[in-house]
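K.L.:
Please read through the structure below; I'll follow up with questions.
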Amino acid sequence: MRLVGALTDAQDSRRHAGAVRPSEVLALLASASAVVVASGLASAPAASADSTVLLASRWPSVPDGHALSLEDQITDRLTLLGNALGHHLDLLSHDMFQLRVDARRRLAHLRIGGGDSEDLAVRLDGDIQFDDLNAHVCARLDVALRGHAVRLELPAFEMSPVEYRGDHGVELRVPLFVQQF
């Protein structure tokens with residue numbers, strides 16, 4: 001910077017006239033052009049430049065793979081695994097246990113129970129919505145005895161993991177009063 005300022009400043013040219021050598025100026029210009037070429041700031045003449053090569057070097061292309069991310073692949077496989085487990089449990093329990101899982105929406109549907117509505121049938125049916133830590137359950141209880149059926153809508157409740165003095169458990173939070181606005 002000092003060399004360039006000395007070359008361009010007319011007042012200080014008398015003071016520095018003997019200090020600047022032509023070899024220093026050539027070395028400065030050569031190093032500056034090397035920096036420009038290395039950083040890619042220098043452009044080729046318009047006649048010899050290929051526009052596709054210039055665009056490809058400045059704008060990277062879209063990746064070739066359009067596959068799902070690893071997180072989505074794991075989520076889909078967990079959904080398949082949960083539904084396969086639910087199908088096998090349904091077959092093994094003779095339609096007494098049913099489980100359906102949708103891991104993308106963090107939702108599960110669970111049905112326990114069975115029986116004949118002519119004699120006795122008891123079914124607990126519910127949807128479970130998972131958030132980061134808790135499970136929100138909306139359930140109903142269906143009871144049928146000798147052709148008379150009763151459906152009880154249970155209050156929505158939350159299940160949350162807890163720990164007390166090293167013992168792990170589940171806390172059920174049942175609302176006593178619900179106000180909606």
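K.L.:
Quick check on my filter: what residues within region 113-123 are at pLDDT 90 or above and surrounded by 15 or more Cβ atoms within 10 Å (Cβ to Cβ)?
P.N.:
Matches in region 113-123: Gly113, Ala121, Arg123.
K.L.:
Still on this structure, I have one more. Please give the number of the condition Leu92 fails out of (1) at pLDDT below 65; (2) open to solvent by 60 Å² or more (accessible area, probe 1.4 Å).
P.N.:
Condition not satisfied by Leu92: (1).
K.L.:
Considering Arg146, Arg100, Arg105, which residue is among the basic types (Lys, Arg), on the phi > 0 side of the Ramachandran plot and open to solvent by 100 Å² or more (accessible area, probe 1.4 Å)?
P.N.:
Residue meeting the stated conditions: Arg146.
K.L.:
Follow-up question, since we're still on this one. I want to confirm something. Restricting to region 95-141 and keeping residues that are outside any strand (DSSP E or B) and of a type in the set (Gly, Ala, Ser), which single residue is farthest from Ala156 (Cα to Cα)?
P.N.:
Ser117
K.L.:
So, one more: Can you pull out every residue in region 155-181 that is over 16 Å from Gly126 (Cα atoms), in contact with a strand residue (DSSP E or B) (Cβ under 9 Å, 6 or more places away or on another chain) and open to solvent by less than 60 Å² (accessible area, probe 1.4 Å)?
P.N.:
If the condition is that a residue be over 16 Å from Gly126 (Cα atoms), in contact with a strand residue (DSSP E or B) (Cβ under 9 Å, 6 or more places away or on another chain) and open to solvent by less than 60 Å² (accessible area, probe 1.4 Å), then Ser160, Val162, Gly169, Pro175 are the ones that fit.
K.L.:
Residues of region 121-133 being more than 17 Å from Arg104 (Cβ to Cβ) and touching a Lys or Arg at 6+ places or on another chain (Cβ under 8 Å), which ones? Write out each step before concluding.
P.N.:
If we filter region 121-133 for residues that are more than 17 Å from Arg104 (Cβ to Cβ), which is where we start, we get 121-126, 133.
Answer for region 121-133, where residues must be more than 17 Å from Arg104 (Cβ to Cβ) and touching a Lys or Arg at 6+ places or on another chain (Cβ under 8 Å): Arg123, Leu124, Asp125, Gly126.
K.L.:
Then there's this: Cβ contacts < 6 Å: first residue part of a helix (DSSP H, G or I), restricted to region 68-86; second residue surrounded by 12 or more Cβ atoms within 10 Å (Cβ to Cβ) and of a type in the set (A, V, I, L, M), any location; separation 6+ or different chain. Result?
P.N.:
Note: pairs meeting the criteria are Thr75/Ala103; Leu78/Ala103; Thr79/Val101; Thr79/Ala103; Gly82/Val101; Asn83/Val101; Gly86/Leu99.
The values are calculated or read from the model by the stated rules, or taken from the named source; none is laboratory data. Not measured: the values here are computed from a predicted model. We place every Cβ from the backbone using ideal geometry, glycine too, and count neighbours over all the protein chains shown. The accessibility values were calculated without ligands, DNA or RNA, using every heavy atom of the protein model including side chains. Shrake-Rupley method; radii C 1.70, N 1.55, O 1.52, S 1.80 Å.
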